[in-house]
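The structure appears right after this line, and notes come after that.
Where a number appears in this text, it was derived from the coordinates with a stated rule and is not lab data. Keep in mind it's a predicted model, so treat the numbers as computed, not measured. Note that we place each Cβ from the backbone using ideal geometry, even for glycine, and neighbour counts take in every protein chain shown.
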Amino acid sequence: MLRLFLSDLTEKSRWCYGDTSLKSLVKTCLTDGTCAMLLYRLMQASRRIHLEPLAMLFNKLNGLFCHCIIGRGAEFGPGFVLIHSTGVVINGNVKGGTRVFLEHQVTIGAEKQQTPILEDDVFVGAGAKIVGPVRIGSHARVGANAVVVKDVPAYASVGGIPARVLKQRAPENRLASEGETELLDELASECQPENHGWWQAAHIPQDIDESAIPSVP
């Protein structure tokens, strides 16, 4: 359990601060989401040694103090990172690989008792929903507020409701940390109402120079 949590902490430090120095690791311990990561690993360890009452206790503590609900049977590999934990809900049958990064308000849930599978190096943006028997390919990125109901190919960036592929990247070594903010902002914007025509038409810039508009006879 300790080895898994240290792996989680190292990945979060690399994501937040770009390095894994002692100073950065200490700062990472104090960031939002780290307590939820620890309680999840304690719950996971308790379940593995068949201490179900203790696993349930850690599950409830996570919900009470971190506002994060992770089902007792959920399995994630090393490098599981909750960038922010508030509002995260994960079904107990969900399976995830290594280096899975989740923002706040993420829901990974079941449909007809079938749950998603997340492969390695996956990022899920704030407010995203992943529901049903879908597979999120390795190195995929799910934009903020996206609703994923179909499989996501490896190295794809998806966004929207329902989610669609916005960009298919060439294979690379691994998910970058904070160098991807521009693309992630683009993914988030795909899910906002202001990107639809009716909204754009209703919001006319206020700084138009009226003298530059030709008069109508």
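Below, the figures for the structure above:
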item	result
Exceeding the 31 Å Cα-Cα cut-off - candidates K12/K112; K27/K60; K23/K150; K27/K129; K60/K112; K60/K167	K12/K112; K23/K150; K60/K167
Point-to-point label distance, I49-R3, nm (Cα→Cβ direction, 7 Å offset)	1.6 nm
Considering only the stretch 30-165, percent of DSSP beta bridges that pair antiparallel, nearest 5	10 percent
Radius 12 Å from Cβ of L30, net charge of other residues (Lys, Arg +1; Asp, Glu -1)	+2
Relative contact order (%) - criterion: Cα under 8 Å, at least six apart; region: the stretch 1-73	25 percent
Three-way shape label, the stretch 1-160, alpha-carbon gyration tensor, a/c 1.5	oblate
Size of electric dipole in the stretch 119-173: Cβ of Lys, Arg +1 and of Asp, Glu -1, about Cα centre, debye, nearest 20	260 debye
Shape call, the stretch 75-114: gyration tensor on alpha carbons, a/c limit 1.5	oblate
